Amino acid sequence: MENKLTFTKVVGDYSLEIVRGVINTYGGLISDKSFYQMKEATYFILVDKETDIPVGITGYRELNSWCVEQLNTVILPESRGKGYGNEASCRLSRWLLGKRGYGKVFCTINVKNYKMIKIKVQNGFTIEGVLKNHFSSERSIFILSKFGCENNERLRRINND
């Protein structure tokens, strides 16, 4: 996979406000209603390496020392269809499971977001369940998870014993 993106970590106590500022500066990347209100999350602005222009945002939130939630990857409308969502999702989950050492990464995706579901499944995520009418009577979400290699091997051994 070609690395077209630079991940710029949003740092500081006011990361939520910083991310909101970047969102507003770059054309309303996502609305306040869909934006995670989690101060303990780590966010990355996704920047195109060639043009040095922000194209999206992604992040994660640690639940415990073993499990982490990969937050929504949102790509600006004019930057969609160029592989940024796929690259961001793949690289972030690999980094979380590899260099950061988490055993499990999970995410939630609207059941109608077919493109992101396809991207996640192609990158090794498995649909574990569905939360029907989770946010409203018309919005259901899938829960998808991906395990680290060591954990997959450990689970195989446990299941085979």
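The values are calculated or read from the model by the stated rules, or taken from the named source; none is laboratory data. None of the values given here were measured: they were computed from a predicted structure. We place every Cβ from the backbone using ideal geometry, glycine too, and count neighbours over all the protein chains shown.
Things to note:
- When residues of segment 63-76 are limited to those that are within 13 Å of the chain's Cα centre (by Cα) and in a strand (DSSP E or B), the one farthest from LEU131 (Cα to Cα): ILE75
- Selection status of THR58, touching a strand residue (DSSP E or B) at 6+ places or on another chain (Cβ under 7 Å), among the polar types (S, T, N, Q) and at pLDDT 85 or above: yes
- Between ILE127, ILE119, ILE45, the distinction of being among the aliphatic types (A, V, I, L, M), within 19 Å of GLU2 (Cα to Cα) and not in a helix (DSSP H, G or I) belongs to ILE45 only.
- Residue that is farthest from the chain's Cα centre (by Cα) [pool: residues in segment 100-145 that are farther than 17 Å from THR58 by Cα and of a type in the set (Lys, Arg)]: LYS132
- Hits in segment 77-99 - residues which are acidic (Asp, Glu) and within 15 Å of the chain's Cα centre (by Cα): GLU87
- Condition broken by ASN151, with the remaining ones in (1) of a type in the set (S, T, N, Q); (2) modelled with pLDDT of 85 or more; (3) farther than 23 Å from GLU2 by Cβ; (4) surrounded by 14 or more Cβ atoms within 10 Å (Cβ to Cβ) satisfied: (2)
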